[in-house]
1. What spacing in nm lies between the two simple spin-label points modelled at Ala160 and Val239, each 7 Å away from Cα in the Cβ direction?
2. Roughly how many Å is it from the Cα centre of the stretch 82-128 to that of the stretch 164-207, as a whole number?
3. List, in order, the whole-Hz ³J(HN,Hα) value for each residue of the stretch 205-222 obtained from phi through the Karplus relation with A = 6.51, B = -1.76, C = 1.60 and θ = phi - 60°; use x for Gly and Pro.
4. Check each of the trypsin sites (Lys or Arg not before Pro) in the stretch 141-175 and keep only those in coil by DSSP with at most 15 other C-beta atoms within 10 angstrom; list them in order.
5. Give me a comma-separated list of calculated 3J(HN,Hα) values for the stretch 93-109, in order, Karplus coefficients 6.51, -1.76, 1.60 applied at θ = phi - 60°, integers in Hz, x for any Gly or Pro.
6. Near the amide H of Arg186, under 5 Å away, which other amide H atoms are found, from residues 5 or more places off or on another chain, if H is placed in the peptide plane?
7. Near Glu231, within a Cβ-to-Cβ distance under 15 Å, what is the net charge of the other residues, with Lys and Arg +1 and Asp and Glu -1?
Amino acid sequence: AGHSPHLLPRPESPMKTLLKATVATFLLLGSGAALSADLASSKFLPLAPALPPLYSWTGFYLGGQLGYSWGSDRQSLYTTAGRAPVGVSFDYSPSAFMGGVHAGFNYQMGSVVLGVEGDIEGINARDTHGGLFRVQQDWQGSVRGRIGYSFDRFMIYGAAGAAFSRFEYGYFNPAAGLGESGKFSRTGWTVGGGVNFAWTDNLIFGLDYRYTDYGSFDFVARSAYLGLSAEHEPSSHAVRASVAYKF
């Protein structure tokens, strides 16, 4: 019996192979163009704007302040010889508005702000007792160290240091018809705290509270109450509002 010869596949012609490659290339290019069109038409969120830099408290500043002070001054009478109490004591309560100037320097390390500040103020604090005794205070000043914590343009701080002032006391004895006075320059200590707000890069507003103590000292009478001495213990509380320019 005869057998059919084994048939081999006919090889493709070069023209047909080239045609297939050309069609595949166009299909690939078409799909890439469609993908590019889809990407171009997609909506992306805009880039977030850069955050502004944090405020720096470092630098010198100069400003002015206005405030109100209310004080206490305990006066106790003693015999000059032997300092025996005579059983007479009372309190003055001088209070007044005040105003002045201040200057300082801050240095910021991270959120911590270290500084030093000095001020000088005029004050018209006066009080009398029974028309026989009086006290007045015309000026005061201080030099204080400060430590604060900043929240960008807002800062809270504490402060402490030395305080300076001058007190004038007057004494009148109606029985003897005599009067006398004495002036005392005093150094004490002061402590308090406050807040600052940087309204602009240069303009700073502030509000603070301060307690000041000038210790105790004696006035030795020379005429009106000869033989007696008066011990004084002045202290005060004060609140201030301020505005300063930072250089």
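1. Each label point lies 7 Å from its Cα, and together they span 2.4 nm.
2. If you average the Cα positions of each part, the centres end up 5 Å apart.
3. Result, ordered by residue: 9, x, 8, 9, 10, 9, 10, 10, 10, 9, x, 10, 7, 10, 10, 9, 5, 10 Hz.
4. Arg153
5. Using θ = phi - 60°, the values come out as 9, x, 8, 5, 6, 8, x, x, 10, 8, 8, x, 9, 10, 9, 9, 10 Hz.
6. It is Ser165, Arg166, Phe167, by chain and number.
7. Details: positive: Arg74, Arg83, Arg186; negative: Asp73, Asp91, Asp213, Asp218, Glu233.
Every neighbour counted, the sum reads -2.
Read the figures in this text as sums done on the coordinates, not as results from a lab. Only a predicted model underlies this, so the values are computations on that prediction, with no experimental measurement involved. Ideal geometry is used to build each Cβ from the backbone, glycine not excepted, and the neighbour counts take in all protein chains shown.
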